[in-house]
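Input: a single structure, listed below in structure tokens.
The values are calculated or read from the model by the stated rules, or taken from the named source; none is laboratory data. None of these values were measured; they are calculated from a predicted model. Reconstructed Cβ throughout: ideal geometry from the backbone, glycine too, with neighbour counts over all protein chains shown.
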Amino acid sequence: MKAREGWIQRLLRGSFFRYVVVGATGALLDFAVFRTLLPLVQDSMPVSGKALANGTGMLLGALYCYTLNRIWSFKSRRPVLRQAAAYGGLLTFNVFASSGLIYLLGARTALTPSLCKIIAQGVIFLWNYLISRFWIFRQA
């Protein structure tokens, strides 16, 4: 039991706590861009407009998060280009997964696009930490 508590405490003090701070502020940036763009494109492009607003918010949020996660959360010293390419691949997957979730939730429920976006962000947050910590920003 002691070993497990030590592991959890180290995780909270270390990269996970910093990742949560960066992720939360990055999610706010992403959501703010999404909410700003959505009214501008939703009427003229009902389906693709949501994807455009979502993708733009995710891209700006991801650039912010990549930079701070590399420097602060994981304190990585590994080659930038390799990490940026891996992070770009993860971002590409996340844009499609998030846009798909937003579309499916919106089509099958009475949830607003904003609430669908928040749910999608929560799902993505969980797998992003694990992939970032143990693959993209792992220590050499």
What pairs come up if the first residue lies in the range 12-38 and is within 12 Å of L52 (Cα to Cα), the second is of a type in the set (S, T, Y) and buried (at least 16 other Cβ atoms within 10 Å of the Cβ), and their beta carbons are under 8 Å apart, counting only those six or more places apart or on different chains?
V33/T56; F34/T56; L37/T56
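Every residue, every condition in (1) assigned to a helix (DSSP H, G or I); (2) at pLDDT 90 or above; (3) on the phi > 0 side of the Ramachandran plot, yes or no:
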residue	(1), (2), (3)
C65	yes, yes, no
I71	yes, yes, no
Q83	yes, yes, no
A97	yes, yes, no
G100	yes, yes, no
L111	no, yes, no
R138	no, no, no
